[in-house]
């Protein structure tokens, strides 16, 4: 493709001096994300300014070359894996925090700023940026916005999109627009911020983000409740959420997931239990947190917990959260690959979905560790597999489809926080129906008439449902 | 127009039996909203089901008849006033609460359900629907969603759009779609909920809404701080917001606004003060609220308040909030008309905007009471006027434009919660710039290719800026 586009490399090198990679050894790393997909791009361009991003778009538009925008490539839906001969437009070099304003309570960042770096910087100033995807030490804000990433604290604080006050976006043809501003309330025109947020780079490249910040809560605590039956854990969650206590997080970790964590880096999880819940609470009043933890403990006991362990200091809390965030790498040690799902279901249906996922695992003789943000119904059944084993992958495909069908039947949705990307696109019509999907298609065609932005993502390929394509 | 559309009335009567109004005396009430605009529609249709709404859209599409969707017509931007010969499609008869689910914490309502009615019903069940536009006793959820309405409690709890989990929307051609679901997290496809929310009926008619509910806070209190200088009030707000206390509301009421309230229904406001702030706090711990009020009082005193009055019981709190909600009708008693603005500015610029609005009032010899949700920078300068006085209205136009220009210059936006409608459409390019507006236009053209949905709204008419058209 690149060979058949004479002058392309030269044009890009002129537009982005020192930022064009063409050597195969350099390109390989840009063909992966956090899924098992891999497609090495023909070329990678790494601009440092919005003007350079715009120039890349203009060159791509003039030559009808598709572009896959990429931040840190830690996504879990294949959104950043380049298809259809796409060049990769990486924003990793655009990694500056441009502004943190304590009075206006906003941060302005380039798309390549790492989430954890931003969190650390705002917390130094007594401020707080809540969205905390498990990838927070690797993932960048631009990718978080493109996928509308979540995280554990989203139960209390909302997802990435709830913090996006303004975006600078490069449209497919290279036009640079701004949408939104520095105010929390803004109803001037259509909500384009929310349209580009979560659009997974299919409508343009996000280059700069203005984020809402909160005041940092003065205290945070964590507790673990141990259950012999995962059903009881699900009912305990419902009881806590109905009690008026709003934890910052409620995380489920089932037995198989605990075993993976302990194999990877032991922290003494109760491997004889069916599941644990990890609760976080935060706020400005230590006495209130103690009272909330007491309520949580009481409700957990009423719903069959055999033990509640309250973390007594910040270090103990941090160990619990580190264990939670280490799940993804821990699973990768048990089997070569995983198909990580991200279904979100209404509270009423959580226990039933858990039962069905376990039945699907048994039926297809697969290991499916189950964990996730159970407080808001956003669970991550991960189907462990080896992608070189065709027979196993056929079972994985059937199981993945069965999980999606159960989710939609129970009133849930395909993705709570990872996005659709490549992994779930064939199920979009199952979830949305043809007419809603047609509205999305009209918007895509109106804003990207040449179809050069991240082709092959979000929208299903013709030919109906299938689990995924390797 | 209707006369030139033979068979239209008959077709609509067949589609919506008993729901078509054509008598002039019946039509007049559908030509107003909360602004000074008035355009009597040629015809009003009041469907009771989504199938009837769809049938009306199909008839309108077939005959290229424009439609203006309308809920209760209490809006403050002219969004529901029918232009270009539009028929009015009113959803007032679709006023059923279909479901309130305590476990899933959602309400499903038809578009015509009155906000206060929903609030009362959910609160009976210990639940809470926070968005509280001042019109809450008159306005319907469908209109709240169409304009993405705010309210005082949005400081802590967010705006209407933050509670919209799912929408049923009738597209211009009559296709009925659903977007979103019953889960709080949902990133399956483009965020169409947020696109239709705040689109002011220009992309389709919203017929059913699934709303997120919270647990009702157990306690709420209010306090009033009295300031001799409005500047000090603005600085006190900044100090409170930086302190870590997040009030449910911080409302500004300036001297002229207080005088209007007292003329209308006296409650003993301090008419010798330059401005007051009304603070609300809520939560589950009475002791915390007392402590937060003490912090607010301390900071208010540090910033020059001469008096803080804490409401000692629910009745006293309710009187304060009733006074706040009565401002709009109180202004209407002082002068025949008002041009109510809804600018939203970053916290840093609040004091400066207040100064500029007062300077603009003095320069143009106009009364501009100033009040609003100062905690999130969403202020409502209301230019009092008599629309039959052409000379005065010319000054009003110049002053309105000056306020918008000052707002944009200070980093703010035209509308925080009322929408653009008719009132602010000529200023859209000033705020958004031509390229962002062009993106909106592409979306509009893609989803409403015949241009039949609420014509003449949101997008500017050709010919550049002017303040407004009567």
| Packing-wise, with mean Cβ within 10 Å as the measure, how do A:420-428, A:331-339, A:125-133 rank, highest first? | A:420-428, A:125-133, A:331-339
| task | Quantify how strongly other chains surround peptide B:107-113 by giving the mean number of their Cβ atoms within 10 Å of each of its Cβ atoms. | result | 0
| Roughly how many whole Å is it from the C-alpha centroid of the range A:93-111 to that of the range B:428-458? | 30 Å
| field | CD proxy at 222 nm, helix term only [per DSSP H run n ≥ 4: -39500 (n - 2.57); per residue of the protein assembly as shown; nearest 500] | value | -10500 deg cm²/dmol
| said: Classify the range B:20-103 from the C-alpha gyration tensor, please: rounded if a/c falls under 1.5, else prolate or oblate depending on whether a/b exceeds b/c. | reply: oblate
| Using only Cα atoms, what is the ratio of the radius of gyration of the protein assembly as shown to 2.2 N^0.38 Å? | 0.93
| task | Provide an ascending nm list, one decimal, of label-point separations from residue A:40 to the equivalent residue in each further copy; define each label point as 7 Å from Cα along Cα→Cβ. | result | 7.6
| For peptides A:370-377, B:229-236, sequence by mean Cβ density within 10 Å, most packed first | A:370-377, B:229-236
| request: With everything on Cα atoms, drop me the angle between helix B:286-302 and the longest principal axis of chain B, reported from 0 to 90° to the nearest 10. | output: 70 degrees
| query | Quick one: label points 7 angstrom along Cα→Cβ at residue B:434, distances to the other copies in nm, smallest first? | reply | 4.1
| query | If you take the Cα atoms of the range B:97-215, find Rg, then find the Kirkwood Rh from the mean of 1/r over all pairs, what is Rg/Rh? | reply | 0.94
| Any idea what angle helix A:434-447 forms with the longest principal axis of chain A, computed on alpha-carbon atoms, 0 to 90 degrees, nearest 10? | 40 degrees
| said: Please compute the volume of the convex hull spanned by the alpha-carbon atoms of chain B and report it per residue in Å³. | reply: 145 Å³
| message | Run the label-point distances for residue A:268 please: 7 Å along Cα to Cβ, every other copy, nanometres, shortest first. | response | 6.0
| query | How do B:440, B:94 rank when sorted from fewest to most other Cβ atoms within 10 Å of their own Cβ? | reply | B:440, B:94
| said: Once each part is reduced to its C-alpha centroid, what is the distance from the range A:289-304 to the range A:20-39 in angstrom? | reply: 48 Å
| message | With angles folded into 0 to 90 degrees, how steeply does helix A:50-63 sit against the dominant principal axis of chain A? Use alpha carbons for both and round to 10. | response | 60 degrees
| remark: Going fewest to most other Cβ atoms within 10 Å around each Cβ, A:285, B:157 line up as A:285, B:157
| field | For a label point 7 Å along the Cα-to-beta-carbon line of residue B:242, residues of the range B:374-410 with backbone N under 20 Å | value | B:374-378
| If you count the DSSP beta bridges with both ends in the range B:8-90, what percent of them are antiparallel, to the nearest 5? | 35 percent
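Each reported figure results from applying straightforward, stated rules to the coordinates on display, with no laboratory input. Being a predicted model, the structure only gives us computed values, none of them experimental. Reconstructed Cβ throughout: ideal geometry from the backbone, glycine too, with neighbour counts over all protein chains shown.
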